[in-house]
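Peer 1: Take this structure first; my questions come after.
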Amino acid sequence: MGIVLDQLPGCAKPLPGGQFLLTTTDYFIDLGRKYSLWPLTFGLACCAIEMMVAYAGRFDFDRFGVIPRPSPRQADLLLIAGTVTKKMAGPIVEIYHQMPEPRFVVAMGSCANCGGPFHDSYSVLKGVDKIIPVDVYIPGCPPRPEALVYGIMELQKKILKMKIAKGGGATPQQEKGSRDLTGNGSNGGQV
Amino acid sequence: MASTKDAALARLLEHLSSAEPAAHPIKDYPTVRLSDPAEITKAAAFLKDELGFDYLEMITAVDWLGPMQLDGLAAARTAAHPFKETPLKADPPVTPAPGAGAAYRPVLDLLWSFGNLRENLKMFLRLEVPRDQAEVASLTALFPAADWQEREAFDLLGVRFLGHPNLTKILTTEDLAGHPLRKDYAHQKDRFDE
């Protein structure tokens with residue numbers, strides 16, 4: 001418990017005797033969530049190469065508890081690493097809805113953010129936030145692995161603010177979507 | 001079998017009646033310009049059976065219409081029929097590009113690439129078809145690999161391959177009308193565009 005207590009000076013209090021730890025439920029749950037972000041391996045284009053480097057030895061995503069999962073059923077983070085074509089939009093929405101909540105989305109690179117160099121293409125979606133809500137945007141073409149690590153750390157900060165009392169752990173951003181396309185408060189999973 | 005690229009080119013030209021070496025070959029590969037669309041099957045069969053070119057690498061095409069002024073074209077098409085490509089009433093204005101050095105003309109320049117893996121040879125066939133009548137015989141009976149290649153050329157450039165077993169879209173979404181790599185393609189806004 002020594003390491004945890006060093007990390008949690010203001011949020012957790014050890015009780016006298018050393019056998020007990022007093023903290024809030026929100027903090028305890030969010031702590032588990034932020035250090036066990038299991039991303040779906042979902043590389044779409046060249047950003048995926050940088051994503052793989054971030055998993056590999058030099059940057060070692062495993063240190064953050066970021067362990068890639070092959071199935072959306074086991075994942076709670078969707079790393080959109082690359083260009084989202086309009087033909088891929090349907091499968092992405094399907095994968096997103098197969099993930100258990102709370103689920104998070106990181107848009108990696110200019111293409112996933114806004115279409116990037118393909119913003120005027122006939123076949124490329126102008127940002128993955130048109131179909132699913134995005135928690136963290138990482139700019140770059142492609143972003144370096146340091147930027148991806150920084151984006152994950154920002155997502156961890158965001159997770160730490162989640163409250164159980166406010167809607168089952170999902171943030172309002174997740175409920176609504178970062179760009180409300182239909183105007184009635186939710187896109188309802190419709191593409 | 002042919003031992004060198006020159007021998008292969010000579011034998012193919014000898015076999016075909018209306019073919020000639022292309023004026024602008026692709027790099028230094030033997031490139032044959034066909035003038036009769038009916039001869040592509042004959043040429044491909046000869047390449048495969050006699051010259052050992054048993055590997056179809058690629059089928060594609062180039063639209064030589066040249067740069068176009070597309071302002072208002074998409075809106076006109078959308079108004080005419082939202083999800084169907086409407087043929088243009090008149091030829092859209094063709095803007096010459098000064099200094100480009102290319103002769104713009106309303107043709108699709110088709111390109112087939114054949115490989116001979118045993119002798120490390122490569123052969124290109126070219127054939128011009130008119131844009132509004134872009135039809136050519138399919139090679140799927142000779143090369144199963146031609147299936148998806150021809151579907152791609154059909155999807156992106158609108159070349160119709162006669163005799164293809166399943167000539168449907170392969171890359172673009174179902175609601176995309178038209179052929180995006182054609183020079184007069186004007187994108188109509190779909191459900192993903194703002």
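Peer 1: Run the simple label-point estimate for B:Arg11 and B:Leu171 please: 7 Å along Cα→C-beta, distance reported in nm.
Peer 2: 3.4 nm
Peer 1: Subtracting the Cα-Cα distance from 0.36 nm times the residue separation, let me have the gained length for B:Glu135 to B:Tyr55 in nm, one decimal.
Peer 2: Separation in residues times 0.36 nm, less the Cα-Cα distance, equals 26.5 nm.
Peer 1: For a quick check of your reading of the filter: which chymotrypsin sites (Phe, Trp or Tyr not before Pro) in the stretch A:32-79 sit in a DSSP loop and have no more than 15 other Cβ atoms within 10 Å?
Peer 2: A:Tyr35
Peer 1: When the label point is put 7 Å from the Cα of A:Lys87 along its Cα-to-beta-carbon vector, which residues of the stretch B:127-145 have a backbone N closer than 19 Å?
Peer 2: Counting backbone N atoms under 19 Å from the label point, the list is B:145.
Peer 1: Within 15 Å, Cβ to Cβ, of A:Ala54, how many net charges do the neighbouring residues add up to if Lys/Arg are +1 and Asp/Glu are -1?
Peer 2: Here the charged neighbours net out to -2.
Peer 1: Return the average number of partner chain Cβ atoms within 10 angstrom of each residue Cβ along peptide A:80-92.
Peer 2: Averaged over the peptide's residues, the number is 2.
Peer 1: Hey, another quick one. Search the structure for amide H atoms under 5 Å from the amide H of A:Leu77, placed 1.01 Å from N in the peptide plane, and list their residues when 5 or more places away or on another chain.
Peer 2: Hits under the 5 Å cutoff: A:Trp38, A:Leu40, A:Phe104.
Peer 1: Mind jotting down the three principal axis lengths of the stretch A:56-173 based on Cα atoms? Whole angstrom, largest first.
Peer 2: Cα extents, longest axis first: 42, 35, 25 Å.
Peer 1: On to the next question. For a distance above 22 Å, tell me the whole-number percent of Cα pairs in the stretch A:13-95 that qualify.
Peer 2: 43 percent
Throughout, read-outs are computed from the coordinates displayed, never taken from laboratory work. Not measured: the values here are computed from a predicted model. Glycine gets a Cβ as well: all are built from the backbone with ideal geometry, and neighbour counts include every protein chain shown.
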